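Written out below as structure tokens is the structure these notes cover.
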Amino acid sequence: SLPTIFVITPTYARLVQKAELTRLSQTFLHVPQLHWIVVEDSPHKTPLVTDFLMKSGLTYTHLHVPTAKDRKLQEDDPSWLKPRGVEQRNEGLRWLREDRRPQPGEGRQRGVVYFADDDNTYSLQIFEEVVRFHTGWRPSRPFPMDMAGFAVSLKLVLANPDACFDGEAPMGFLESSFLKGLVTMDELEPKADNCSKVLVWHTRTEKPKMKREEALQAQGLGSDPTVEV
Ligand code: UDP
Ligand code: MN
């Protein structure tokens with residue numbers, strides 16, 4: 001049988017959240033044996049995500065953990081200031097290690113762990129691969145690659161229970177902080193035709209302009225607030 005692909009996705013409430021989750025889930029629906037681990041950056045599970053997942057048709061686990069206040073990127077901060085999704089990815093790992101820990105008499109765990117941010121765009125082909133990135137940016141990092149550019153076996157995650165993402169890692173070193181607890185560079189297996197194909201795009205969704213809507217709302221002429229976006 002195929003190994004299960006565990007996809008860990010941090011997500012947070014904003015106007016484009018449902019659009020992002022919709023795009024992602026409709027990609028994942030095409031992937032056999034995918035288990036989606038959705039981790040909300042929130043003190044509780046929100047109704048929007050709860051309902052969304054229920055109707056998604058996917059096999060999923062719904063988790064939540066709020067980012068500590070001092071770790072959270074503020075509205076006016078530049079995006080590079082603090083890494084995002086760290087506690088959420090670690091929470092996904094924690095769940096995996098708890099839920100998938102080897103049971104006595106059970107064979108080895110067949111599975112792959114992949115980190116998929118909710119705003120990126122994923123080719124279906126990536127789920128037949130484990131992709132590594134070539135990078136021109138800070139190539140001297142221990143693992144000079146993007147979050148979306150690698151996957152690791154579940155076995156490795158379970159065998160190294162302390163490996164996690166370090167939110168204090170300097171910019172660009174988040175991936176390295178996790179991977180150095182699991183593998184060395186020469187143990188990596190280049191995929192996607194020896195890294196000659198691009199199968200994931202670091203897309204970003206534009207923030208909707210709400211000025212006009214807010215002005216209308218102030219006059220009592222805004223959109224129906226009970227309609228979920
Ligand atoms: N994220 C989060 N809480 C936040 C900001 C982002 O959980 O306050 C999630 C977001 O949904 C995404 C991941 O963390 O899945 C990476 O965030 P983002 O795409 O903003 O980072 P970038 O791609 O710009 O590094
Ligand atoms: Mn992003």
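Computed quantities for the displayed model
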{"read-out": "Residue among 18, 82 that is surrounded by 15 or more Cβ atoms within 10 Å (Cβ to Cβ) and within 16 Å of ligand 2 (Cβ to nearest atom)", "value": "82"}
{"read-out": "Count of residues meeting criterion [in contact with a strand residue (DSSP E or B) (Cβ under 6 Å, 6 or more places away or on another chain) and over 15 Å from residue 122 (Cβ atoms)] in region 11-36", "value": "2"}
{"read-out": "Residues satisfying the stated conditions in region 50-67, i.e. among the small types (Gly, Ala, Ser) and either within 11 Å of ligand 1 (Cβ to nearest atom) or crowded, with 17+ Cβ neighbours inside 10 Å (or both)", "value": "56"}
{"read-out": "Conditions (1) out of contact with any helix residue (DSSP H, G or I) (no Cβ under 7 Å at 6 or more places or on another chain); (2) at pLDDT 95 or above: number failed by residue 189", "value": "(2)"}
{"read-out": "Per-region count, region 162-186, residues crowded, with 19+ Cβ neighbours inside 10 Å and either of a type in the set (A, V, I, L, M) or over 19 Å from the mean Cα position of the chain (by Cα) (or both)", "value": "3"}
{"read-out": "Matching residues in region 85-111 - criterion: being in contact with a Pro (Cβ under 8 Å, 6 or more places away or on another chain) and modelled with pLDDT under 85", "value": "108, 109, 110"}
{"read-out": "Residue match in region 67-78 (condition: in contact with a helix residue (DSSP H, G or I) (Cβ under 8 Å, 6 or more places away or on another chain) and not basic (Lys, Arg))", "value": "yes"}
{"read-out": "Among (1) loosely packed, with under 15 Cβ neighbours inside 10 Å; (2) touching a residue at least 60 places away in the same chain (Cβ under 8 Å); (3) not charged (D, E, K, R), the one test that residue 159 misses", "value": "(2)"}
{"read-out": "Which listed residue is within 20 Å of residue 95 (Cβ to Cβ) and in a loop (DSSP other than H, G, I, E, B), from 224, 118", "value": "118"}
{"read-out": "Leading residue by the ranking (nearest to ligand 1 (Cβ to nearest atom)) among those in region 13-33 that are more than 18 Å from residue 201 (Cα to Cα) and touching a Ser or Thr at 6+ places or on another chain (Cβ under 7 Å)", "value": "13"}
{"read-out": "Given (1) touching a residue at least 60 places away in the same chain (Cβ under 8 Å); (2) more than 25 Å from residue 150 (Cα to Cα); (3) under 17 Å from the mean Cα position of the chain (by Cα), number of the condition residue 42 does not satisfy", "value": "(1)"}
{"read-out": "Positions within region 71-102 being among the small types (Gly, Ala, Ser) and assigned to a helix (DSSP H, G or I), in sequence order", "value": "92"}
{"read-out": "Any chance residue 27 is closer than 30 Å to residue 192 by Cα, modelled with pLDDT of 95 or more and within 16 Å of ligand 2 (Cβ to nearest atom)", "value": "yes"}
{"read-out": "Selection count where residues are within 16 Å of ligand 2 (Cβ to nearest atom) and surrounded by 12 or more Cβ atoms within 10 Å (Cβ to Cβ), scope region 202-229", "value": "3"}
{"read-out": "Residue ID - modelled with the lowest pLDDT, chosen from residues in region 112-131 that are away from ligand 2 (no atom under 16 Å from the Cβ), of a type outside the set (A, V, I, L, M) and surrounded by fewer than 21 Cβ atoms within 10 Å (Cβ to Cβ)", "value": "129"}
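The rows are residues; the columns are (1) within 16 Å of ligand 1 (Cβ to nearest atom); (2) of a type outside the set (Lys, Arg).
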{"site": "166", "(1), (2)": "yes, yes"}
{"site": "187", "(1), (2)": "no, yes"}
{"site": "199", "(1), (2)": "no, yes"}
{"site": "202", "(1), (2)": "yes, yes"}
{"site": "212", "(1), (2)": "no, no"}
{"site": "219", "(1), (2)": "no, yes"}
{"site": "222", "(1), (2)": "no, yes"}
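The values are calculated or read from the model by the stated rules, or taken from the named source; none is laboratory data. These numbers come from a predicted model, not from an experiment. Reconstructed Cβ throughout: ideal geometry from the backbone, glycine too, with neighbour counts over all protein chains shown.
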